[in-house]
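The values are calculated or read from the model by the stated rules, or taken from the named source; none is laboratory data. This structure is a prediction, so every number in the text was calculated from the model and none was measured. Note that each Cβ is placed from the backbone with ideal geometry, even for glycine, and that neighbours are counted across all protein chains shown. Only protein heavy atoms, including side chains, enter the accessible area calculation; ligands, DNA and RNA are left aside. Shrake-Rupley method; radii C 1.70, N 1.55, O 1.52, S 1.80 Å.
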Amino acid sequence: MIVVFGSINIDLVARVPALPRAGETVAGPDYRVIAGGKGANQALAARRAGAEVVMIGAVGRDGFAGPALAMLGEAGVDISRVARVDAPTGAAFIAVDAGGQNQIVVAAGANAAVHASTLDGIDTSSRDILLLQWEVPEEEILAAARWARARDMRVVLNRAPAGPISAELATLLDLVVVNEHEVLALGAGFDIDAPDPDMVAATLSERHGLAVAVTLGAEGALCWADGIRHESPAYPVAVVDTTAAGDTFCGALAAALDRRRGLETAVEFAAAAGSLACTRFGAQSSIPDLAAIEAASAILAEQRNPPHRRTTP
């Protein structure tokens, strides 16, 4: 089982010909209202990748709360512990350009009212996974990690948006997931001054005894753990929108680990899922299902270990 402790948002997404610069207004033809939030996205991705998932978060008592939770409920994510609070449902304002790149502004709203005490009473087992992100209060993230450790759960953190983490939180983690920019910010917080994401990930893993997975966009992903480097290329796709690709990677990676996959095949599975998320517009609307991920990851696995050609004597 995977317990996701994190944000729930509604996304207002506009297509634009080019992303705006500071002080610039860019016109788009229309916009869409789509369920999102890093926590909710990762919960849905883990569920679609085959895991049993419990979502812990908060929404407002407004008209956005229902749409923000709808796809989670439809997919079978347990949303019974999501709190309703007197604050607006969190929102993200997203612009997507013709090449699929995006700019995002997030307003926390109800996500600022998420409390680790909501975790109490969940029936967990040893080796279940707590999946965290950085869109809810930092002190609650730390309290949630302590809660999971006390129950012998594995703790996975997606340190996004970018920034450092405390030394205490690092000791509570089994795995941290970041992109190539976020890993540099994470390393800087521990005085690791290196320009290469691969080197920073290796150093963080060695110093703090945790696995460090880094997504590399079109280059795929890598993961350092116990002195071993695992990597996977991206699955080749025509990019439509990169929104939620990282969240899809995180959810799929957690689901693969929950299903007792090793890190090498788990990273490959997650890289395939993240790639597929780039082929559709929006956040949760782009997250692939288990059958699609398995088909794509099987192709990546075959590229990694091509069958030997038979030769005739």
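Just a few scattered comments:
- Spin-label zone in the stretch 250-269 - amide nitrogen under 20 Å from a point set 7 Å from the Cα of Glu52 along the C-beta vector: 251-261
- Arg304 - accessible surface, heavy atoms, 1.4 Å probe, Å² rounded to 10: 80 Å²
- Simple label model, 7 Å out from Cα along Cβ direction - Arg32 to Phe93, nm: 2.1 nm
- For the chain, the spread of Cα coordinates along the three principal axes comes to 74, 49, 41 Å, biggest extent given first.
- Ranking Trp134, Trp147 by solvent-accessible area of protein heavy atoms (1.4 Å probe, all protein chains present), from largest to smallest, gives Trp134, Trp147.
- Sites Asp198 and Gln303, calculated FRET efficiency, Cβ-Cβ separation with R0 25 Å, nearest 0.05: 0.75
- Calculated mean residue ellipticity, 222 nm, the chain: -10000 deg cm²/dmol, from DSSP H runs (n ≥ 4) at -39500 (n - 2.57) each, averaged per residue and rounded to 500.
- If the segment from Phe281 to Arg81 were pulled out straight at 0.36 nm per residue, it would be longer than the present Cα-Cα gap by 69.1 nm.
- Note that the stretch 1-109 shows a convex hull volume over its alpha carbon atoms of 108 Å³ per residue.
- The label point for Glu294 and the one for Asp120, both projected 7 Å from the Cα toward the Cβ, are 4.1 nm apart.
- When Glu206, Glu182 are compared by accessible area of protein heavy atoms, the largest-first order is Glu206, Glu182, using a 1.4 Å probe.
- Length, then width, then depth: along the principal axes, the Cα atoms of the stretch 208-313 run 55, 37, 24 Å.
- Dimensions of the stretch 86-186 along the principal axes, based on C-alpha atoms and rounded to the nearest Å, stand at 46, 36, 22, largest first.
- At q = 0.15, 0.25 Å⁻¹ the log10 of I(q)/I(0) for the stretch 71-114 amounts to -0.58, -0.90, computed by Debye summation with a single uniform scatterer per C-alpha, solvent ignored.
- Choice from Phe269, Phe281, Phe190 showing the highest fluctuation, given a GNM over the chain with Cα pairs closer than 10 Å: Phe190
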